[in-house]
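Participant: So that we are looking at the same thing, I have put the structure below in structure tokens.
The values are calculated or read from the model by the stated rules, or taken from the named source; none is laboratory data. The shown structure was predicted, so the numbers you read here are calculated from the model rather than taken from an experiment. Because the Cβ atoms are built from the backbone with ideal geometry, glycine has one as well, and the counts that use them run over all protein chains shown.
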Amino acid sequence: MVQEEYDVGVIGGGPGGYVAAIRAAQLGGKVVVIEKNSLGGTCTNWGCIPTKALLRAVELISDVKRAGEFGLTVAEPGYDLRKITERMDKVVERLVQGTRYLLKSNGVELLKGVGKIASTGTITVIQNDQSISLNAAKIIVATGSRAKTLPIPGAESPGVITSDKALHLEKVPSSLVIIGGGPEGTEFACIFSRLGSEVAIVEMLPNLLPLEDREVGIRLNQILAKQGVRILTNTVVKSILEDQGIKEVLVRSQSGELTLEGDKVLMAVGRLPNIENIGLEELGIEHTKNGIKVDDHMETNVKGVYAIGDVTGGGLAHVASEEGVIAAENAMGLNSKIDLRVVPRCIYTIPEVAAVGLTEDQAKDQGYDLLIGKFPFSASGRALTLGETEGTVKVLADKTTKEILGVHVIGPRASDIIPEAALAMRLEATTEDLARTIHPHPTLSEALKEAALDCERAAIHIARAARAH
């Protein structure tokens with residue numbers, strides 16, 4: 001039985017889905033969102049937000065431990081893991097309720113259940129043991145992703161966890177082996193090492209953050225190693241065994257095999273799109289194991305059916321939101337196209353990493369003759385006042401046109417610096433445009449200006465001897 005008619009039906013209420021729903025409603029559409037779990041998706045409930053809440057707690061612990069450097073006398077900090085996670089849960093719940101209010105205030109209907117495309121223009125919603133059918137002229141699939149695991153012997157045994165479980169451990173493990181040195185693995189390494197765990201990261205590629213600029217990955221390796229994290233790159237995991245409650249992770253590198261021990265093993269090897277049982281095969285919607293195929297309108301090969309976010313093989317919440325806007329506008333009759341040429345990437349390690357555009361290796365592979373400018377935070381007045389001087393800003397530009405091709409930051413508040421670089425690249429700015437923009441003093445953003453100046457070896461606050469790259 002058909003329950004009601006909608007202009008747009010959105011399957012999934014994550015950062016792509018709820019944004020798409022609100023945008024479609026702004027354009028006058030009658031919109032429904034079907035969500036099986038909590039609004040906000042992985043980002044709000046199990047990813048971006050809860051991990052940042054945990055990171056804030058460990059940052060404060062680190063700050064208190066360093067208080068003597070600033071002339072302060074304080075007691076040795078302790079922590080209550082239960083209270084830390086309670087605060088984390090409150091932050092998450094506030095955002096979930098805020099999203100619910102935003103949908104309601106825009107007139108978007110919310111249905112709890114599992115959505116499946118029954119046919120073009122029809123969605124089946126399973127609620128407990130019942131199902132209802134909705135007519136939706138246009139459908140947006142935003143079913144997100146789930147944590148991925150590797151086919152390693154022992155990977156399914158107790159004590160081998162994903163990020164979802166890592167957020168609500170009853171106690172901090174005395175030792176932790178993290179499989180994967182990407183954003184997720186390095187962020188959790190920072191969290192647990194600062195809570196007292198002995199942490200080891202195993203990464204099969206040559207550097208941490210293998211998708212980012214190689215120099216940044218090497219620098220992060222040095223910083224985390226100095227913080228006590230054991231890092232094994234060019235290393236693969238062969239098996240996970242258990243001996244008297246301790247996990248034994250057998251790994252192999254070029255130098256041979258060795259065994260790492262840990263109370264817990266964290267799988268941090270990426271995510272898989274939720275493409276199963278949502279009606280793709282029945283409608284002939286093109287997809288691979290990596291996600292649903294879409295065009296630059298976010299439309300699938302089936303007219304009137306759109307897909308956005310992680311289910312298309314993405315992985316960034318802010319990209320999912322922008323794709324949601326594009327899909328909603330097209331579903332409501334506009335002609336919008338996604339532009340993914342300039343997408344900032346942020347990794348919330350301590351210190352943070354942020355980037356936009358090409359890495360140095362990518363730029364060289366594409367045939368660019370490069371200008372490269374760098375500025376260390378050790379020469380930043382603001383970084384010195386904060387006591388956070390680790391890291392560097394790196395700017396890549398085309399030698400002929402001076403157009404900025406990529407910016408890479410490792411250092412304090414990197415995620416707050418990178419949007420300026422993203423805007424500059426979107427406007428096709430040159431290093432001179434960036435360098436001639438007056439930046440306030442003292443700020444961390446001055447490092448970006450100085451790095452742009454350094455492309456022409458004109459940085460003011462770098463001694464000549466330090467300019468060798």
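Participant: Do you know which residues across the range 385-436 are within 17 Å of residue 456 (Cβ to Cβ) and either part of a loop (DSSP other than H, G, I, E, B) or among the acidic types (Asp, Glu) (or both)?
Facilitator: Across the range 385-436, the qualifying residues are 398, 399, 400, 401, 402, 403, 429, 432, 433.
Participant: Any idea which of 296, 310 is more than 21 Å from the chain's Cα centre (by Cα) and within 30 Å of residue 359 (Cβ to Cβ)?
Facilitator: 296
Participant: For the condition on the phi > 0 side of the Ramachandran plot, buried (at least 24 other Cβ atoms within 10 Å of the Cβ) and not hydrophobic (A, V, I, L, M, F, W, C), what is the one hit in 41, 28?
Facilitator: From the options 41, 28, the qualifying one is 41.
Participant: Sticking with this structure for a sec: Can residue 211 be described as in a loop (DSSP other than H, G, I, E, B), at pLDDT below 95 and aliphatic (A, V, I, L, M)?
Facilitator: no
Participant: Filter the range 1-53 down to residues that are part of a helix (DSSP H, G or I) and in contact with a strand residue (DSSP E or B) (Cβ under 7 Å, 6 or more places away or on another chain), then give me how many there are.
Facilitator: So the count comes out to 7.
Participant: Then there's this: Taking the stated definitions as given, is residue 55 in the same structural domain as residue 139 (by TED's automatic domain parsing), touching a Phe, Trp or Tyr at 6+ places or on another chain (Cβ under 7 Å) and closer than 22 Å to residue 413 by Cβ?
Facilitator: In short, yes.
Participant: Continuing with the same structure: So residue 156 ticks every box in (1) under 30 Å from residue 249 (Cβ atoms); (2) crowded, with 17+ Cβ neighbours inside 10 Å but one. Which box is left unticked?
Facilitator: Result: residue 156 fails condition (2) only.
Participant: How many residues are among the basic types (Lys, Arg) and assigned to a loop (DSSP other than H, G, I, E, B) if we restrict to the range 316-348?
Facilitator: Selection size over the range 316-348: 2.
Participant: Still on this structure: With the condition being of a type outside the set (Ser, Thr, Tyr) and surrounded by fewer than 21 Cβ atoms within 10 Å (Cβ to Cβ), I'd like the strands (runs of 3 or more DSSP E) fully within the range 216-297 carrying at least 3 qualifying residues.
Facilitator: 236-243, 246-253, 256-262
Participant: Would you point out which residue out of 386, 370, 396, 444 is under 30 Å from residue 67 (Cα atoms) and touching a strand residue (DSSP E or B) at 6+ places or on another chain (Cβ under 8 Å)?
Facilitator: 444
Participant: Out of the range 363-375, which residues are of a type outside the set (Gly, Ala, Ser) and more than 21 Å from residue 419 (Cβ to Cβ)?
Facilitator: Listed by number, the residues that qualify are 364, 365, 366, 368, 369, 370, 371, 372.
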